[in-house]
Structure formats: structure tokens, C-alpha cells
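First up is the structure itself, then whatever we jot down about it.
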Amino acid sequence: MTPDVSIVIPVFNEEESLPLLFARLYPALDALGRSYEVIFVDDGSSDRSVELLRFTVAARPDNARALILAHNVGQHLAILAAFARARGSRIITLDADLQNPPEEIGAVLQALDDGADYVGTIRQFREGVWWRRFASRWLNSIREHTTRIHITDQGCMLRGYDRRIVDAVNRCQEVSPFVPALAYTFARRAVEIPVKHEARVAGTSRYSGYGLARLNFDLMTGYSLIPLQVFSLSGVVIAASSLLFVLYLAIRRLVFGPEAEGLFTLFGIAFFLMGCVLLGLGVVGEYVGRIFEQVRSRPRYVVAEFLGDTGESALAPTTTTGSTTRAQPS
């Protein structure tokens, strides 16, 4: 029977969190009174996570399934591997570390039932160090000014998607996707709701300060051409300013004669312009690199093993490549 709800949970070295997750997740889902499936995706864990997933699939054969990826590909590609096999009319993503309480799934489903096709969440009374919260708000502000994507709390993976949105996402073949942003571009009615937030029960966050900056840079270059346009306009302004400055120096030389003053100022200007050029080349290189990754068409992920039923979902491919096929309009 096709389930009403699919819960997608990426897992990476979460052996300490998984038993607690199982103990809270299934009662929370049973209390909803809906048919459901839980798809765990092991993203190349090196601890006992796979062993624990085998246990839960064996203990809950009617509800639990698991994808074991051959190697680590990142959280969002792991989610896409599960999306390709999710059967529910509502799809919910959830982290395995219990920072997003499973008991909040009902609120996300209610928002979908009320007409939303994409439901983002905002963590209330957020646990975590102050600098991560500050960096997240600052990077969010930059992203919102360079793309049309509005995601208040991009680090919260408790999100809900209508079947239509997931089908559209599955047709995309991007090699570096950020699932919430990609889904947001297809949504007709996107909403955000507040949810509770808890501290990690074990381990540390997978996102460092560099990781957060890298993620936001990927979002800016993956969903907008504004960075290129900004540097193009900046180049025009700097070139025009430099020309005016050279004309000023030439006139000054004719009027006052040659002078040695201002030599270090010229050095400073030259180094500033070289820095602008190198930064612009870096931005261009980011776009070129994305094109390079896309045209190689290598598998985005490889499924080593699929634990669970062998129904219609087993027909899904075990590899997905980053081809140049464009997504059809949703």
C-alpha cells in the first residue's frame, strides 16, 4: 500500500543518536494516525550506524527502509537518493541528531494540509554557540540579496514537501544541490512555521564556519547570476575611475612636472585592482567549475544496498548522474 507520508532521514556517523531517535520517532508517527514510511539514508558512515539501521528495518518491516550509499556524498545528495524512492504524497525531511524533535512532524504536515506545497521551519529558542547564529543571519542576508530564495533558517532540515515539488526536484540533475532552495524555486505556496529546537544528543555539528560560508557561496552561484553581474559592473566602475586617475596624473605632470610623491599610493591602487581581478576570477571559476562538474556526468551517488521492501520503489535507479538534462516545468 502506498503510504501517505514519507519521512526522509540522512544518517552520517550517528550511532549514539539513532537508538534515541527510534524511541521517539515511531511513537510520534504512530500518533498521527496516518500510513507512513521512514527512509533512512546512510551517507558512508564509518561507525555502527548501518548495523543499527539493519536492526530497525528488521524490527519495523512495514514502516522502515534504508538506503546504504557506497561512499559519502553529502547530506543533500543523500536526501535526493531517498526522494527517488519516496512514495508518500507528503515528504518530510528530518535530521538524525534529534535537534529537530520528531514530535514537530505533525505541525509540518498540518501546514501542508492547509494548502502549502513547501513548508520551511524556523528553530525557536535555538541551541548553539552565538557566533554560529550571527554568521547564519549574516550569510542569510547576503543570500537573500543575491537570489530570490527566502529561507529564514537554512540550517533546520525539518521541512515538508508536497508530492508535486518532490517530483520536480527528482527531474533535476544538478551536481551540487541544496534541496530546500531547489524545492523553493518550484513552490507555488511556500510557508515557514516555528518549531522547537533541542541540543544535539551526541557528537558535534557537521557544519563548521567554513562549511556555512561554502554553503552560502554555493547557493549564491547556484541560483543567481548576480555575483557575475556585480563584478562586471564593478569592473566598469574601477576601469573608469582608473582612467580618470591616470588623466589627472598626466595633467598634473604637465603642470607641475615629474614628481616621486604618491608612489606608494599607486602601489596600493595597483594591488587593490589586482585583488579585484583575482576575486572576480574566483567567482568566474566557481561557475566554470560547476559547468565542468555537470558535463562530466558522473554518478552523483551510488547505492550499495537497499534495505526494506522490494515493491515499486525497487525500480528506482541505483545511480544518478549529473547529466545536462533540464528539469521540466512543474
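Readers should treat all values here as calculations from the given coordinates under stated rules, not as data from a laboratory. Quick caveat, the model's predicted, so the values are computed rather than measured. Here Cβ is always computed from backbone atoms with ideal geometry, including for glycine, and neighbour counts include all displayed protein chains.
Annotations
- Take 93-99, 190-196 and order them by the average number of nearby Cβ atoms within 10 Å per residue, most first; the result is 93-99, 190-196.
- Cα gyration tensor shape of the stretch 40-132, rounded if a/c is under 1.5, else prolate or oblate by comparing a/b with b/c: oblate
- Centroid-to-centroid separation of the stretch 274-302 and the stretch 72-91 [C-alpha atoms, Å]: 25 Å
- Burial order of peptide ranges 156-166, 287-297, 11-21 (average beta-carbon count within 10 Å, highest first): 156-166, 11-21, 287-297
- Based on Cα contacts under 8 Å between residues 6+ apart, the stretch 6-101 shows a relative contact order of 44 percent.
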